[in-house]
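The values are calculated or read from the model by the stated rules, or taken from the named source; none is laboratory data. Everything quoted here is computed from the prediction, not taken from an experiment. A quick note on method: Cβ atoms are made from the backbone with ideal geometry, for glycine too, and the neighbour counts reach across all protein chains shown.
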């Protein structure tokens with residue numbers, strides 16, 4: 001228990017440090033917080049897609065298509081998205097694009113920035129592949145769905161073909177697809193390409209967290225009813241849903257632990273990047289990301305104890 005708690009602190013304290021640094025930069029007017037939108041564009045269009053390509057292209061096809069684990073994990077991610085979308089749309093009476101963003105916040109766990117360091121320390125480097133599998137789902141299904149609703153807003157006159165092109169042309173969507181094709185072809189990544197992509201993708205975590213801090217400096221972090229609902233759905237309901245699917249699919253061992261713990265991660269910083277880029281639920285998304293991460297000190301510890309990590 002103490003080892004797990006120590007690892008959580010080792011992962012979350014650096015995250016908090018970078019966010020606070022970004023907040024101070026904006027609060028002290030060292031950097032205009034209006035530039036956070038440019039940083040969000042950099043993360044979403046350049047550094048994170050490069051990282052997704054590296055993860056998928058460098059994996060073996062058998063690892064990427066691991067039967068029941070992939071199906072159960074993807075159902076856990078998209079099932080939570082569907083549940084949250086319906087709650088936003090019909091119980092909270094929100095518009096479709098707001099429901100899409102709210103569901104994104106409630107179902108996209110921070111797999112890359114928190115999952116990788118925690119999994120590497122507790123379960124070994126091979127466990128990081130589950131992060132890649134999860135990101136394939138979010139990149140190929142969840143992110144296109146969110147992008148669709150955002151682009152469809154006020155675009156009633158646009159053709160279906162144009163809307164589809166807007167979705168599939170996003171680097172976050174086509175980068176992992178190219179990575180999968182590269183993996184299926186069996187080509188090894190050239191060392192020069194690997195080093196080049198690693199150089200830019202390694203900036204994703206720091207830049208996105210710093211941008212989140214900049215966003216915070218222009219908003220008052222509030223614990224509202226909607227923020228409370230988001231945190232409840234993400235930090236508690238989501239891992240509970242995944243546990244049900246683990247039992248349904250008969251998963252056990254490391255795969256079960258990985259799926260459960262990944263969905264127990266708080267909201268990904270990427271959701272705040274979308275809120276900023278599309279000017280939708282900015283305060284709610286930011287507050288959920290920050291307060292949910294703080295609460296995850298407790299909820300992650302409980303989840304780790306439940307699965308015996």
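Going through (1) surrounded by fewer than 22 Cβ atoms within 10 Å (Cβ to Cβ); (2) under 14 Å from residue 176 (Cβ atoms); (3) at pLDDT below 90 one by one, residue 74 falls short only on (3). Is it fair to say residue 86 is surrounded by fewer than 24 Cβ atoms within 10 Å (Cβ to Cβ), in contact with a helix residue (DSSP H, G or I) (Cβ under 7 Å, 6 or more places away or on another chain), at pLDDT 80 or above and more than 27 Å from residue 187 (Cβ to Cβ)? For residue 86, the condition - surrounded by fewer than 24 Cβ atoms within 10 Å (Cβ to Cβ), in contact with a helix residue (DSSP H, G or I) (Cβ under 7 Å, 6 or more places away or on another chain), at pLDDT 80 or above and more than 27 Å from residue 187 (Cβ to Cβ) - is not met.
The set of residues in the range 211-232 being under 26 Å from residue 13 (Cβ atoms) and surrounded by fewer than 24 Cβ atoms within 10 Å (Cβ to Cβ) consists of 217, 218, 219, 220, 221, 222, 223, 227, 228, 232.
Within the range 160-210, being without any contact (Cβ under 8 Å) to a residue 12 or more places away in the chain, in a loop (DSSP other than H, G, I, E, B) and within 29 Å of residue 149 (Cβ to Cβ) holds for one residue alone: 169.
Can you give me the number of residues within the range 62-76 that are more than 11 Å from residue 133 (Cα to Cα) and touching a helix residue (DSSP H, G or I) at 6+ places or on another chain (Cβ under 8 Å)?
4
Looking only at the range 247-263, how many residues end up being free of Cβ contacts under 8 Å to residues at least 12 places away in the same chain and part of a helix (DSSP H, G or I)? Adding up the residues that qualify gives 2.
Scanning the range 94-130 for residues that are in contact with a helix residue (DSSP H, G or I) (Cβ under 8 Å, 6 or more places away or on another chain), farther than 21 Å from residue 203 by Cα, at pLDDT below 95 and in a loop (DSSP other than H, G, I, E, B) returns a single hit, 123. Residue 149 falls short on exactly one of the conditions (1) more than 27 Å from residue 303 (Cβ to Cβ); (2) at pLDDT below 80, and that condition is (2).
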